[in-house]
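> Take a look at this one; I'll ask things after.
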């Protein structure tokens, strides 16, 4: 069988295998990457406003108590400390999913007397999230971010 196999045949086999590998990378591997997407459609505009986010996070770092969250079967409960007084009791939260923006949860909340609210479990799918909590006090922005693994 290998009696008539010369170096020319070896070059043709190697070239054929290389071309098969390239075609595999083009057609099969690229189909697996279909779920990747940009984090934001207005990426450049968001980058220009990023200094405001840095200032908001720095303002929140100076607080003696920060909002805390608890995961349970009912969902994620976020508690705002009593010493944090958002203007008009308004708090904005984003439960941000980097791999699929369709699973993001965004809402503006008006706090009741208990200073807490719950994100129901039925709107959260298993995976990794970033919980962003934003509010203003005396015209100063505040923001805290938490990495959450929902199971």
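> Kindly give Rg over Rh for the chain, based on alpha-carbon atoms, with the Kirkwood expression for the hydrodynamic radius. Don't skip to the answer; put the middle values down first.
Details: Rg = 25.4 Å, Rh = 19.3 Å.
Reported Rg/Rh, Kirkwood definition of Rh: 1.32.
> Using 7 Å Cα-to-Cβ label points, what is the residue 145/residue 3 separation (nm, one decimal)?
Result: 7.0 nm between the two label points.
> Oh, and also: What residue among 51, 71, 116 has the largest mean-square fluctuation in a Gaussian network model of the chain, using Cα springs under 10 Å?
Evaluated over the chain, the most mobile residue of the options is 51.
> At R0 = 25 Å, how high is the FRET efficiency between residue 112 and residue 46 if r is their beta carbon distance? Nearest 0.05 is fine.
So the FRET efficiency works out to roughly 0.20.
> Quick check: residue separation of residue 27 and residue 71 times 0.36 nm, minus the Cα distance between them. What number comes out in nm?
Details: separation 44, 0.36 × 44 = 15.84 nm, distance 4.12 nm.
Stretched fully, the residue 27-residue 71 segment lengthens by 11.7 nm.
> A follow-up question, please. Using alpha carbons only, what's the Rg to Rh ratio of region 101-151 with Rh from Kirkwood? Don't skip to the end; give the middle numbers.
Working: Rg = 12.8 Å, Rh = 12.9 Å.
My calculation puts Rg/Rh at 0.99.
> If you wrap region 53-128's Cα atoms in a convex hull and average its projection over all directions, what's the area in nm²?
5.9
Quick note: the coordinates plus some simple rules give every number you see, no bench work behind them. Model, not experiment: these values are computed from the prediction. Here the Cβ is made from the backbone with ideal geometry for all residues, glycine too, and neighbour counts use every protein chain on show.
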